Every structure is written in structure tokens, then in C-alpha cells.
1. Given the conditions (1) in contact with a helix residue (DSSP H, G or I) (Cβ under 6 Å, 6 or more places away or on another chain); (2) assigned to a helix (DSSP H, G or I); (3) free of Cβ contacts under 8 Å to residues at least 24 places away in the same chain, and given that TYR151 satisfies all but one, which numbered condition is not satisfied?
2. Among the residues of the stretch 184-195, are any part of a loop (DSSP other than H, G, I, E, B), buried (at least 21 other Cβ atoms within 10 Å of the Cβ), within 11 Å of the ligand (Cβ to nearest atom) and modelled with pLDDT of 95 or more?
3. Can you confirm whether the stretch 161-175 contains a residue that is away from the ligand (no atom under 12 Å from the Cβ), farther than 14 Å from ILE103 by Cα and assigned to a helix (DSSP H, G or I)?
4. So, in the stretch 77-125, how many residues would count as being of a type in the set (Gly, Ala, Ser) and surrounded by 23 or more Cβ atoms within 10 Å (Cβ to Cβ)?
5. Take the residues in the stretch 161-183 that are under 23 Å from LYS310 (Cα atoms) and among the polar types (S, T, N, Q); name whichever of them is surrounded by the fewest Cβ atoms within 10 Å (Cβ to Cβ).
6. Does THR158 fit the bill of being away from the ligand (no atom under 12 Å from the Cβ) and within 20 Å of THR309 (Cα to Cα)?
7. Quick one: in the stretch 95-136, which of the residues that are within 12 Å of the ligand (Cβ to nearest atom) and in a loop (DSSP other than H, G, I, E, B) is farthest from the chain's Cα centre (by Cα)?
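The values are calculated or read from the model by the stated rules, or taken from the named source; none is laboratory data. These numbers were taken from a predicted model, which means no experiment stands behind them. All Cβ positions, glycine included, derive from the backbone under ideal geometry; neighbour counts span all protein chains shown.
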Amino acid sequence: MQPVSGIHCRLHCSKRKLMPFFTGNKQSGDEKEIAKNTIAFFELVQKNILVTGGNGQLGSELQRVQLKAEDNLKFFFTDVDTLDITDRNALDTFVKANNIRYIINCAAYTAVDKAEDDIDLCYKINRDAVANIAAVAADNKAKVVHVSTDYVFDGTKTTSYVESDPVSPRSVYGRSKQEGEAELLRLCPQSVVIRTAWLYSIYGNNFVKTMIRLGKEREALSVVADQTGTPTNAADLAAAIVDIIRYAEAKELVPGIYHFSNEGVTTWYDFTLAIHREAGITTCKVSPITTAEYPTKATRPQYSVLDKTKIKTTFGLSIPQWEDSLRKCIEEL
Ligand SMILES: NC(=O)c1ccc[n+]([C@@H]2O[C@H](COP(=O)([O-])OP(=O)(O)OC[C@H]3O[C@@H](n4cnc5c(N)ncnc54)[C@H](OP(=O)(O)O)[C@@H]3O)[C@@H](O)[C@H]2O)c1
């Protein structure tokens, strides 16, 4: 995949299949007119999609989603260097200039511990900039798919969290994301918010890559065993987001909050064992420890398994088991 340098577009539509005369054959006046009208038709039906934070884990995975011939979707991948979401005017100009119909917001401040000291910037990106996206989308009749987090919950439940469970974030990051959700739905109610958890990918820095590196470097490792949740391969979330847009195009975008992670339940400790097993690491002894033995600046939810019934039934999605998705990711590393 090419890194996003400048604004990177990806187009998929069946223009070529229907119009062989575009390939350079000589055209009569009538054919030229038909061609012109057909281009106008495709521009009318083609849906332009802005992806913010396109260089992050999820944004990079969106760049790899295989589109279908009938999709008629054109993606505009941007990141902070090309479109800073804290700049409302820049967002508005971009959306207007490119006739954007959907905004997928993958941009975020994601340094959970750093956020405890970097409060203003965290809120600027995770709440205020989301409000910018919402206002611009509402002004331009675009629809928003926004990504949020399991950290909006306090983690005191012992059964999986449904979308209507009360939020009670325990960290600056969690609060900023929760307020971002609220701003989005207040200013642009026709939006989809997808809360996800424990995201990893072949791109960027994440738990999977860190555990592989440490597993190769060290003979022993201690990992928290009393925090329970479900990992999410960002490739699966990216595919689900494109499926949701396909569904919206075929029927309607059903707005609201949804939960998405892979299927299954684990702890960071058991996740690490699985990572090492899949990566063939046998020389590192992994030991379970408690959260109290590994204090972090930001408080994490002790239990944050997400119930995915709503997203599966609303959009007809099927979600892979976390062990299978982990295997796929490690095979690609
Ligand atoms: N990672 C997780 O474990 C996890 C868990 C639950 C939910 N989520 C949520 O899932 C979403 C995707 O996460 P991710 O892991 O893909 O994040 P990521 O890898 O940190 O990517 C975020 C991207 O946003 C960019 N960005 C930051 N400020 C921006 C701005 N002002 N304007 C435009 N772009 C900006 C970042 O650029 P720089 O790198 O240059 O700052 C980065 O490329 C986020 O909403 C996150 O909160 C993540």
C-alpha cells in the first residue's frame, strides 16, 4: 500500500466495462455525446467518501478493502498533513469541492496514557473536531461513520456491553471520545457511531506488534490477566464499515450507536499467549499479573466485552472469531 502523501484517491466503478469507447477508439459525434452523458451519469451516481486519519491503523486498512465492480465508490484518503479535522473551514472546503457524501472519521487522539497530561489536545481532536465533522456533514448533507471506543464504559459489568448501557468513562481519552460521540449525534443525528476495542493491524504500533517484539527480545514477560475484552483486527472493522456504506446505498443508513469487535472473549494475558503461539515464539515465558501490579496513568475498563448483536442484525454482518483474525494479521506481518 502506498502511504498517504497528499490526498490519495481510490475510485471503483464500472465505467470502463460499459463504455469501451473510452479506451481510445475513434468516436463519432453521437458516441462522444453518449460518452459525455454517461460520464455525467456516473458522476451523479458515484459516491465520494472522505476518510480522515487515513494513515492510522484503521485508515490504512480501509485503503486495502477490495471494492466490488458495482460499488461506485470513490475514496479520498487524508490525514492531518492534508486535512486537519480541527480546521472546520478546511473540512467544509474539502467536502464541498469534492462533493463528499460520506465521511468516515478514523482520525483521533489515541495515546491513552499521554492524554491524561495532554487534555486540551485530546479534547480538541476527539470532541471538538468531531463536532466540526458533524456540523460540516449536516451543512453539506453528507453522512458520517465515526469510530469510538469501549473506554466510554467503566468496565464494572460482568456481561457484554450493549449500546444502551450507561457510559461512565474513567480516563481523559474515554471522556473525550464519549463527548465526541454525543456532539456528533447532537449536530448530525443521521450518523453511525461504531465503538470498537483493542484495535490492532499490520500497520502502526499496537499490542500485537509490541508483544511479538518483546517476545523475541526477552526471556520473560508479565501481562495483565484481570482485564477482559475482545481484540479487533482493523481489517475486519474496515470491511464492516464499507459493508455498512454498501447497505446504506442499497437501503438506508440506520443511524445510531453500534458495537464492533471480533467475536469471543479473552484477557491481555491470554491474548499474548495466542500472539506468541501464532508468531512461533517459544523462548519467552509469559506470566499473568494483576492491574494493580502494572499501574498505568489512565484507568482502563476491567471488563469491556462488546455485544455486537445490533450491528450484525441491522447491517447483516458476520464477524470473525478473534483467534482467526489474529492468525490472519500475523501471517501478513
Ligand atoms: N487503537 C485502539 O486500540 C482503539 C481501541 C478502540 C477504539 N479506537 C478508535 O478507533 C479509531 C481508529 O484508531 P486507530 O488505532 O486507527 O488510530 P491511529 O492509528 O492512532 O490513527 C489515527 C490517525 O489520526 C490522525 N490524526 C490525529 N490528529 C488528527 C487531526 N487533527 N486531523 C486529521 N488526522 C489526525 C493521526 O495522525 P498522527 O499519527 O500524525 O497523530 C493518525 O494517522 C479511533 O477513533 C480510536 O479512538 C482505537
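1. (3)
2. If we filter the stretch 184-195 for residues that are part of a loop (DSSP other than H, G, I, E, B), which is where we start, we get 188-190.
Retained after the next criterion (residues that are buried (at least 21 other Cβ atoms within 10 Å of the Cβ)): 188.
Now restrict to residues that are within 11 Å of the ligand (Cβ to nearest atom): none.
No, the stretch 184-195 contains no residue that is part of a loop (DSSP other than H, G, I, E, B), buried (at least 21 other Cβ atoms within 10 Å of the Cβ), within 11 Å of the ligand (Cβ to nearest atom) and modelled with pLDDT of 95 or more.
3. Checked against the condition, which is being away from the ligand (no atom under 12 Å from the Cβ), farther than 14 Å from ILE103 by Cα and assigned to a helix (DSSP H, G or I), the stretch 161-175 yields at least one hit.
4. Of the residues in the stretch 77-125, 3 are of a type in the set (Gly, Ala, Ser) and surrounded by 23 or more Cβ atoms within 10 Å (Cβ to Cβ).
5. The initial filter retains those residues of the stretch 161-183 that are under 23 Å from LYS310 (Cα atoms), namely 161-169, 174, 177-183.
Remaining after also requiring among the polar types (S, T, N, Q): 164, 168, 178.
Values: SER164: 8, SER168: 14, GLN178: 21.
That would be SER164.
6. yes
7. ASP118
So that you can scan it fast, the table gives a plain yes or no per residue for (1) within 16 Å of the ligand (Cβ to nearest atom); (2) modelled with pLDDT of 95 or more; (3) in contact with a His (Cβ under 8 Å, 6 or more places away or on another chain):
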| residue | (1), (2), (3) |
| --- | --- |
| THR230 | yes, yes, no |
| ILE244 | yes, yes, no |
| GLU252 | no, yes, no |
| ASP270 | no, yes, no |
| ALA292 | no, yes, no |
| ILE311 | yes, yes, yes |
